[in-house]
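One structure is given here, and the rest of the page talks about it.
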Amino acid sequence: IRIDTEPGVPAEAAASAKLAADSTLRFFKEIFARELQGDVYIRIVGTPESYAVAFLKEGKINQKEAERRARTTIGWSIGEGLILQNVGAPFHPNHRRRLYNIGHELTHKYQAQECLDRCPKILWMYEGVAGAFAAKIVEMAGERELAKQKESWLQEVRKLSKRPGLDEL
């Protein structure tokens, strides 16, 4: 796994990505006896604008979609080997959130390796598994107990006026 940062990105962002990558590799090796095949490149950008530009270049999406993702996400897995992370997102991701995001996106790399193009077809399961594994990876990194993450998720669900059905997920 190679990690690069744009000029101006704090060194702590690269350190978070390294810890997340190491913890994710350890998680999959210990729990599933799986190694990540192929190279992964984590590119950390410092502004929503550079994040949108990276999406346009790497993700082969249109300007409107690139801008939407730059406003609403802090990271994205693209293709076989690229992960983009935006540390300049409007909601200012902290160390734990960056760990979670890299763990989540690296989980997508393992999913792609194991089930090829079939995984994303059941989106709620694809994203849910990546989220659950990322929470465990954050715990393995020593940053937050899984029980606290579960409680946080439950609080968010309780705030919803209407819980989504499986068809919406």
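For the chain, give me the percentage of DSSP beta bridges that are antiparallel, rounded to the nearest 5 percent.
Working: 4 of 13 bridges.
About 30 percent, rounded to the nearest 5.
Atom-type composition of the exposed protein surface of the chain places 55 percent of the accessible area on carbon and sulfur (1.4 angstrom probe). Given a 10 angstrom Cα cut-off, can you work out which residue in 47, 107, 24 is the most mobile in a GNM of the chain? Highest fluctuation of the listed residues: 47.
Projected label points at residue 159 and residue 18, each 7 Å from Cα along the beta carbon direction, are separated by 3.4 nanometres. Within the straight-line cut-off of under 24 Å between alpha carbons, the lysines reachable from residue 150 are 29, 109, 136, 159, 162, sequence neighbours fewer than 8 places apart in one chain being disregarded. Working note: Cα atoms of segment 1-50, range along each principal axis, descending, whole Å: 38, 20, 15.
Taking 131, 38, 81 in turn, the Gaussian network model of the chain (Cα-Cα springs below 10 Å) assigns the largest fluctuation to 38.
In terms of its alpha-carbon gyration tensor, segment 87-169 comes out oblate; a/c meets the 1.5 threshold, while b/c is at least as large as a/b.
In the full protein context, segment 1-126 carries 55 Å² of accessible surface per residue, based on a 1.4 Å probe and ignoring ligands, DNA and RNA.
Just order 153-163, 25-35 by mean Cβ neighbour count inside 10 Å, highest at the front, would you?
Numbers: 153-163: 8.4, 25-35: 13.5.
Highest to lowest by the protection proxy: 25-35, 153-163.
Quick check on the chain: take the gyration tensor over C-alpha atoms, sort the square-rooted eigenvalues as a ≥ b ≥ c, and tell me if it's rounded (a/c under 1.5), prolate or oblate. Note, shape of the chain comes out rounded.
The values are calculated or read from the model by the stated rules, or taken from the named source; none is laboratory data. Quick caveat: nothing in here was measured; it's all calculated off a predicted structure. Glycine gets a Cβ as well: all are built from the backbone with ideal geometry, and neighbour counts include every protein chain shown. Accessible surface areas use protein heavy atoms only, side chains included; no ligands, DNA or RNA. Shrake-Rupley method; radii C 1.70, N 1.55, O 1.52, S 1.80 Å.
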